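The values are calculated or read from the model by the stated rules, or taken from the named source; none is laboratory data. It should be emphasised that the depicted structure is a prediction, and the values quoted were computed from it without experimental measurement. Positions of Cβ are backbone-derived with ideal geometry, glycine not excepted, and every protein chain shown enters the neighbour counts. In case anyone asks, the SASA skips ligands and DNA or RNA and just uses the protein heavy atoms, side chains included. Shrake-Rupley method; radii C 1.70, N 1.55, O 1.52, S 1.80 Å.
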Amino acid sequence: MAMCGAAGLASLRRAAMVVRHPPRLAANRQFWNLAKGFGLGFATPKPLHNRPPLKPGKVAPKLSVPAHIRKPPYADRGDFPPWADRSQVHGEEGKRRMRASGRLAARVLEYAGSLVRPGITTDEIDKAVHAMIVENGAYPSPLNYGKFPKSVCTSVNECVCHGIPDDRPLEEGDILNIDVTVYLDGYHGDTSRMFFVGEVDPAARQLVEVTQQCLEEAIKKCGPGVPYNVIGKTIQTIADKHKYGVIRDYVGHGVGQSFHSHPTIFHYKNSQSGVMQLGETFTIEPMIVQGGTKCDTWRDNWTVVTKDRGLAAQFEHTLLITEAGAEIMTKLD
């Protein structure tokens, strides 16, 4: 589950500022509007895809978790825990528990994907995911994290991340990211991937395939002593080659006993300091878009969509840094 990085906080501050335009700029805008009215070559931008605009649906009440299930500290309070400032480095017992939570997250995600079809609602997917997680003795990590109301994130079409499951039926041609995190035996396993709803447009399919390539190539670069910023450089290079944008406001993160911690993983070219440590766990989760990288957040304070309505895609794995490179902890056996 991606979190808002420093760039995202800066965007929020900028959005809160009142901008007063000087008279000359106002006059220029009047000319621009007049020119468009006379058809002087200022064409309306061509839509990036043919999908209907995403709109908020009805959100059902959050589901309950049996009392015997071990919960993370925020589960009852609904707060945002402080971002832990140290990497989560594990001994053998910690690795064992991380592997268990990662395997369960992978199985749940695979099951969720098997439900994807035209006509099903993301709320129905949420209920199925919730049931499978608690049946396996785990807690759905997104539930009540910062008061997030559901047990899984479902992001459709132009939704970049943190989509809240609702009563909107999936439609033929949609693309969907399902983001699953489970808290099992005191450890979080975090993963997501894209799914096609029936037949999709070739441009949408290419976006999804390139995004998956971005994640896979970034994982290949990981290992002890490797700078964190190699990840962003690798992803940006691939995205640039295909003329896609890389979302900057949301990042990968350390994961383990804490849902989110150091390191912050930027998915674009950056000069971040620090290197990967043996035994450390973190996520890589690039969000790649068709058009511009500017985003809007809905009034629910969670759903993030592209400002220009370009399609978005995301893939995510939890990784363990090993002597051989990186072990993918959320990969199906």
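Some notes on this structure:
- Residue identified as of a type in the set (G, A, S), within 13 Å of the chain's Cα centre (by Cα) and under 23 Å from P165 (Cα atoms) among G310, G252: G252
- Among the criteria (1) open to solvent by less than 10 Å² (accessible area, probe 1.4 Å); (2) of a type outside the set (A, V, I, L, M); (3) in contact with a Cys (Cβ under 8 Å, 6 or more places away or on another chain), the one D249 does not fulfil is (1).
- Filter result for L25 (of a type outside the set (D, E), modelled with pLDDT of 50 or more and either open to solvent by 40 Å² or more (accessible area, probe 1.4 Å) or not in a loop (DSSP other than H, G, I, E, B) (or both)): no
- Within segment 195-206, the only residue that satisfies the criterion of being closer than 19 Å to V116 by Cα, among the small types (G, A, S) and outside any loop (DSSP other than H, G, I, E, B) is A204.
- Odd one out for Q272, checked against (1) more than 26 Å from F196 (Cα to Cα); (2) of a type outside the set (G, A, S); (3) buried (at least 18 other Cβ atoms within 10 Å of the Cβ): (3)
- Some residue of segment 49-62 being at pLDDT 95 or above, under 29 Å from Q277 (Cβ atoms) and surrounded by fewer than 16 Cβ atoms within 10 Å (Cβ to Cβ): no
- All positions within segment 197-212 that are open to solvent by 20 Å² or more (accessible area, probe 1.4 Å) and either touching a residue at least 40 places away in the same chain (Cβ under 8 Å) or touching a Phe, Trp or Tyr at 6+ places or on another chain (Cβ under 6 Å) (or both): G198, D201, A203, Q212
- Selection of strands (runs of 3 or more DSSP E) fully inside segment 280-333 by the criterion of at least 1 residues being surrounded by fewer than 16 Cβ atoms within 10 Å (Cβ to Cβ) and free of Cβ contacts under 8 Å to residues at least 24 places away in the same chain returns 295-297.
- Filter result (outside any helix (DSSP H, G or I) and in contact with a helix residue (DSSP H, G or I) (Cβ under 6 Å, 6 or more places away or on another chain)) within segment 214-240: K221
- For segment 224-246, a tally of residues being open to solvent by less than 60 Å² (accessible area, probe 1.4 Å) and either touching a Lys or Arg at 6+ places or on another chain (Cβ under 6 Å) or at positive phi (or both) returns 5.
- Inter-residue pairs, beta-carbon under 8 Å, first part of a loop (DSSP other than H, G, I, E, B) and in segment 65-76, second of a type in the set (D, E, K, R), 6+ apart: V65/K71; R70/D185
- Output for segment 247-279, where each listed residue is among the basic types (K, R) and either touching a Lys or Arg at 6+ places or on another chain (Cβ under 6 Å) or part of a strand (DSSP E or B) (or both): K269
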